[in-house]
Structures are given as C-alpha cells and as structure tokens.
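Please treat every number below as a calculation from the coordinates, not as lab data. Everything numeric here is computed off the predicted structure, so don't read it as measured data. When we count neighbours, we look across all protein chains shown, and the Cβ atoms used for this are built from the backbone with ideal geometry, even at glycine.
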C-alpha cells in the first residue's frame, strides 16, 4: 500500500492485494463519510493479485491537506491492510 502525495496534499492511494477481492467499495464508503470522493479508479492484474489505484479529492473539489489528510489516511489504512476481508 502506498499513499500518493504532491507536497503536503494527499492525492491518492495505491493498494496491492493478493487473491482477495477489491477494496474500492469499502474505501468508497469510509471516504464518503469524510467528504472525500474517488475521482479516478484503475485496477491492474498481476500474476500474484491486483493493484488498485484511486485518485482522491474532496467532495467540493478542494485539496486533501492537514487534518482531513490525516483522517483520510486513518480511514484507508485498516481497510487496505485487512487480510481477513473480501
């Protein structure tokens, strides 16, 4: 898992997973509660799983910085690192 940043702005997240299902649905729900939306989504299949890349932005189109950036990271981490989920 990797956060994508431009300076102090959180712009996206990339999640690599084995044979487990995609995380985009669960992340969408958690992020939406914070006012963050997934503006772009890509998935690549690899021999050992998938890599999902999600570009994030605030619902109002603004940058994800400061406290919102920290809250977003805190919401993403447990979902992206969950090895028991789908």
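Data overview
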quantity	calculated
Computed E for residue 82/residue 40 - FRET, C-beta separation, R0 22 angstrom, nearest 0.05	0.45
Cα radius of gyration and Dmax for the chain (Å)	12.4, 38
Using alpha-carbon coordinates, inclination of helix 66-80 to the longest axis of the chain, degrees	10
